[in-house]
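See structure below.
Values quoted throughout were computed directly from the atomic coordinates according to the rules given, and no laboratory measurement underlies them. All values derive from a computational prediction rather than experimental measurement. All Cβ positions, glycine included, derive from the backbone under ideal geometry; neighbour counts span all protein chains shown.
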């Protein structure tokens with residue numbers, strides 16, 4: 001007989017208050033119950049805070065129960081997960097290794113990572129490599145996956161000049177990974193305040209911008225990772241739009257045509273890509289800079305406050321009870 005489990009989740013609300021809710025779920029044959037040790041907080045979560053939906057979309061934890069048909073993971077395994085749920089497995093996207101674009105996939109709003117536990121389709125869970133701490137793996141399941149997808153599918157090579165505009169949770173991961181790949185990392189920021197941090201984690205150059213234009217001349221970059229809201233400016237190459245916002249950004253077409261610009265977005269990655277990313281960060285001992293809060297309603301509010309006030313350095317992580325052990 002399938003087991004019914006009970007656990008607590010945290011939801012958003014129209015007022016912005018964090019709501020604690022008890023959930024009962026009967027584990028299906030292909031599902032696994034994960035006790036969440038760490039959940040990442042990123043800019044996209046701000047869009048969910050004022051909706052009546054489960055909060056959080058990526059994290060790490062320990063498998064506590066599995067359905068009768070599960071073979072991919074075992075009880076006690078340490079796993080990571082992101083918002084990708086239930087791709088069909090049969091469409092051109094899934095067969096081609098781009099399951100994150102499957103039109104039949106479930107949206108992450110159905111299951112959240114800000115919770116004591118979560119029930120996931122077991123095949124979507126990714127075992128974490130030994131030596132990679134869960135507190136670092138959790139935020140990489142989102143930002144790390146996005147950056148690895150961009151870096152490894154767009155002909156980015158060692159020695160390329162990589163521009164990174166915006167040094168937040170995503171931007172600082174971009175610096176860490178790009179420098180580990182052997183790229184020359186050029187950072188653009190609206191102020192000098194993050195110069196020391198950027199150079200400490202692998203940047204070769206740091207330039208302050210005014211209305212997104214560098215105040216001093218800068219040699220061209222082949223790739224520009226746009227990790228903040230607002231319109232980008234680049235003289236040539238490819239712009240990767242990675243920040244999530246609701247505002248409309250205007251890009252003049254004559255600017256695109258005249259300068260031979262390519263524009264591409266990315267918001268997730270396949271399981272195959274994430275597994276490769278985790279092996280890479282383990283090999284190169286990449287550790288995102290994190291700030292931690294307890295996995296409680298107050299802890300979640302405090303983390304959101306730090307994020308909204310731009311005080312996050314650089315990824316927020318909510319820590320569950322099993323993450324404190």
Point to revise | Nearest-0.05 FRET efficiency for residue 154 and residue 215, computed from C-beta distance (R0 25 Å) | key: 0.30
Point to revise | Degrees, to the nearest 10: 271-283 long Cα axis against longest axis of the chain | key: 70 degrees
Exercise for review: Any chance you could run the full-extension gain for residue 275 through residue 47? It's 0.36 nm times the residue separation minus the Cα-Cα distance, nm to one decimal.
Suggested key: 79.3 nm
**Study point:** Folded to 0 to 90 degrees: helix 297-308 orientation relative to the chain principal axis, Cα
**Key:** 10 degrees
Practice item. Could I have the simple spin-label model distance between residue 92 and residue 311, label points 7 Å from Cα toward Cβ, reported in nm to one decimal? Key: 5.0 nm
Review point. Taking the alpha-carbon centroid of each part, what is the distance from region 259-274 to region 298-312 in angstrom?
Key: 28 Å
Check your understanding: Say R0 is 41 Å: what FRET efficiency, to the nearest 0.05, do residue 28 and residue 258 get from their beta-carbon distance?
Key -> 0.15
Practice item. State the Cα centre-to-centre distance between region 168-224 and region 69-96 in whole Å. Key: 34 Å
Check your understanding: Along the Cα-to-Cβ line of residue 249, 7 Å from the Cα, sits a label point; which residues in region 158-194 have backbone N less than 11 Å from it?
Key -> 165-166
Revision key, fill the gap. Most exposed to least, judged by fewest other Cβ atoms within 10 Å, 183, 88 sort to 88, 183
Check your understanding: Pairing the Cα long axis of helix 169-180 with the longest principal axis of the chain, what angle in degrees results, from 0 to 90 and rounded to the nearest 10?
Key -> 70 degrees
Review point. Of 286, 263, 19, which has the largest mean-square fluctuation in a 10 Å C-alpha GNM of the chain?
Key: 263
Practice item. Report, in cubic angstrom per residue, the convex hull volume of the C-alpha atoms of region 154-265. Key: 101 Å³
Revision key, fill the gap. Stretched fully, the stretch from residue 3 through residue 193 gains (0.36 nm per residue minus C-alpha distance, one decimal, in nm) 63.2 nm
Check your understanding: Fewest first, what order do 37, 310, 134 take by the number of other Cβ atoms within 10 Å?
Key -> 310, 134, 37
Practice item. Output the direction-averaged projected area (hull surface divided by four) of the convex hull of the alpha-carbon atoms of the chain, in nm². Key: 16.9 nm²
Check your understanding: Out of 242, 41, 170, any idea which swings most in a Gaussian network model of the chain, alpha carbons joined below 10 Å?
Key -> 242
